[in-house]
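Student: Could you have a look at this structure, given as structure tokens, before my questions?
The values are calculated or read from the model by the stated rules, or taken from the named source; none is laboratory data. For clarity, every value in this text was computed on a predicted model and none was experimentally measured. Positions of Cβ are generated from backbone atoms using ideal geometry, with glycine treated the same way; all protein chains shown enter the neighbour counts. Keep in mind that these areas ignore ligands, DNA and RNA; they rest on the heavy atoms of the full protein, side chains included. Shrake-Rupley method; radii C 1.70, N 1.55, O 1.52, S 1.80 Å.
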Amino acid sequence: MLEFYGTEIGSRLLIGTALYPSPQILADAVKASGSRLVTVSVRREAARARSGQGFWELIKQLDVYVLPNTAGCNTVKEAVTTAQMARELFETDWIKLEVIANNDTLQPEVFGLVEAARILNEDGFKVFPYMTEDLVVAEKLVAAGCEVLMPWGAPIGSGQGLANPLALRTMRSYFPDIPLVIDAGIGAPSHAARAMEMGYDAILLNTAIAKAGDPVKMGRAFSQAIEAGRLAYESGLMEPRDMASPSTPVAGTPFFNIDGAS
Amino acid sequence: MRIIVNGETTQTQAKTLEELCAALGHGTSKVATALNGDFVPAPQRGAIKLAENDAVEIVSPRQGG
């Protein structure tokens with residue numbers, strides 16, 4: 001069973017709450033996907049507006065675990081303060097830590113990420129770092145107290161799938177006991193299934209469901225792909241080979257002529 | 001007094017962060033605050049005095065990926 005910081009999560013599909021056509025479709029997609037954990041954010045509230053209140057009520061009705069993020073933060077200071085505001089607002093010490101290097105790639109700024117993770121872990125947070133697949137960065141995040149790692153599949157919102165499968169396979173082998181989540185870049189259920197077949201513990205995605213023609217149906221599609229990928233990993237996949245190998249028994253083949261066989 | 005709220009220059013009579021939140025209609029709203037880049041927990045807003053050119057952030061729950 002999948003656990004984050006000692007808490008059992010009933011689904012290996014974690015989904016973002018942004019970009020949906022409507023709050024109702026968001027709620028329906030979350031239910032259809034079977035997801036038990038959604039990501040959320042904090043944003044500026046205008047004077048006399050209560051924009052956040054309705055969203056907060058919707059999230060509470062979903063009755064799922066909530067993972068606030070620090071999306072948009074470019075420095076350690078911004079990320080730490082945003083995390084502290086999110087902890088108060090969402091009443092959780094879980095934080096999806098994002099420190100972003102630049103706006104074109106939305107690549108994690110890994111030096112700031114490690115520093116912010118250390119500060120937040122010391123402050124009692126349970127940090128879920130959005131990171132590259134770099135093993136040295138991963139080691140430093142673990143040393144800083146992170147018990148979950150979330151490498152990107154591809155840049156956020158790109159839908160490219162797993163851009164660096166070799167490095168992701170290596171990371172899985174290198175950290176056999178730490179929950180690993182592919183976070184970002186997943187575009188299709190097949191991408192998610194592939195990551196699960198590699199032994200990843202969960203998939204976090206947003207755009208691929210939210211921007212689908214039918215987000216509710218796509219939520220189910222991802223759910224099934226992730227379950228299939230996990231079952232395949234647990235079952236033990238066959239080793240690929242270069243040459244053909246007949247699956248039907250050769251012995252007893254009709255018209256088989258031993259003299260003509262090569 | 002001139003302060004900056006969520007990146008916009010604002011004139012206010014509020015003396016504390018709590019008074020500012022109330023004046024902006026956030027008295028009972030689910031918001032979190034920061035002053036000059038540092039988080040201010042809700043129970044401490046009444047004790048935080050505002051000064052000229054202070055930068056205040058007031059945020060609320062929102063959709064995120």
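Student: Report the GluC sites (Glu not before Pro) located in the stretch A:55-138 that are in a DSSP loop and have at most 16 other Cβ atoms inside 10 Å of their Cβ, or state none.
Tutor: When the GluC sites (Glu not before Pro) of the stretch A:55-138 are filtered for loop state and at most 16 Cβ neighbours within 10 Å, A:Glu91 remain.
Student: Another question about this same structure. Taking the Cα centre of chain A as origin, work out the dipole magnitude from +1 charges on Lys and Arg Cβ and -1 charges on Asp and Glu Cβ, in debye rounded to 20.
Tutor: Magnitude of the dipole: close to 740 debye.
Student: Could you size up the charge dipole of chain B around its Cα centre, putting +1 on the beta carbon of Lys and Arg and -1 on that of Asp and Glu, and report it in debye to the nearest 20?
Tutor: About 160 debye.
Student: Then there is this: What does the structure give for A:85-91 when I average, per residue, the other chain Cβ atoms found within 10 Å of the residue Cβ?
Tutor: If you average over the peptide's residues, the count of other-chain Cβ atoms is 6.
Student: Quickly work out the B:Ala47-to-B:Glu8 label distance, labels modelled 7 Å from Cα along the C-beta direction, and quote it in nm with one decimal.
Tutor: 3.2
Student: Using the Cα centre of the stretch A:118-159 as the reference point, and only Cβ charges (+1 on K/R, -1 on D/E), how large is the resulting charge dipole? Debye, rounded to the nearest 20.
Tutor: Magnitude of the dipole: close to 60 debye.
Student: Turning to a different aspect of this structure: Taking +1 at the Cβ of each Lys and Arg and -1 at the Cβ of each Asp and Glu, which of B:Thr12, B:Gly27, B:Ala51 sits farthest along the dipole of chain B towards its positive end, judged by Cα position relative to the Cα centre?
Tutor: Ranked along the dipole, the leading option is B:Gly27.
Student: Classify the protein assembly as shown from the C-alpha gyration tensor, please: rounded if a/c falls under 1.5, else prolate or oblate depending on whether a/b exceeds b/c.
Tutor: It is prolate, given that a/c is not under 1.5 and a/b is the larger ratio.
Student: A follow-up question, please. Please calculate how many Å² of accessible area chain B carries per residue, with a 1.4 Å probe and no DNA, RNA or ligand atoms counted.
Tutor: 47
Student: Something else: So between A:Gln160 and A:Ile25, what do we pick up on full extension, going 0.36 nm a residue minus the alpha carbon distance?
Tutor: Separation in residues times 0.36 nm, less the Cα-Cα distance, equals 46.2 nm.
Student: Another one. Tell me, how many Å apart are the Cα centres for the stretch A:137-152 and for the stretch B:3-54?
Tutor: Spelled out, the Cα-based centre of one part sits 35 Å from the other.
Student: If each DSSP helix of 4+ residues adds -39,500 (n - 2.57) and the sum is divided by the residues in chain A, what number results at 222 nm, nearest 500 deg cm²/dmol?
Tutor: Computed ellipticity for chain A at 222 nm equals -12000 deg cm²/dmol.
Student: Mind counting lysine pairs for me in the stretch A:90-225? Cα separation below 23 Å, and the two need to be 8 or more apart along the chain or on different chains.
Tutor: Total qualifying Lys-Lys pairs in the stretch A:90-225 comes to 4.
Student: Hey, another quick one. Taking 45 Å as R0, compute the FRET efficiency from the Cβ-Cβ separation of A:Leu237 and A:Arg43 and round it to 0.05.
Tutor: 0.60
Student: Moving on. Which lysines, if any, have their Cα less than 23 Å from the Cα of B:Lys15, not counting same-chain residues under 8 positions apart?
Tutor: Result set, ordered by chain and number: B:Lys30, B:Lys49.
Student: Find the centroid of the Cα atoms in the stretch A:27-68 and in the stretch A:154-182, then give the distance between the two in whole Å.
Tutor: One Cα centre to the other: 27 Å.
Student: Apply the Karplus curve 6.51 cos²θ - 1.76 cosθ + 1.60, θ = phi - 60°, to the phi angles in the stretch A:181-186 and return the couplings in whole Hz, x for Gly and Pro.
Tutor: Taking θ as phi minus 60°, the curve returns 10, 7, 10, 5, x, 6 Hz for the stretch A:181-186.
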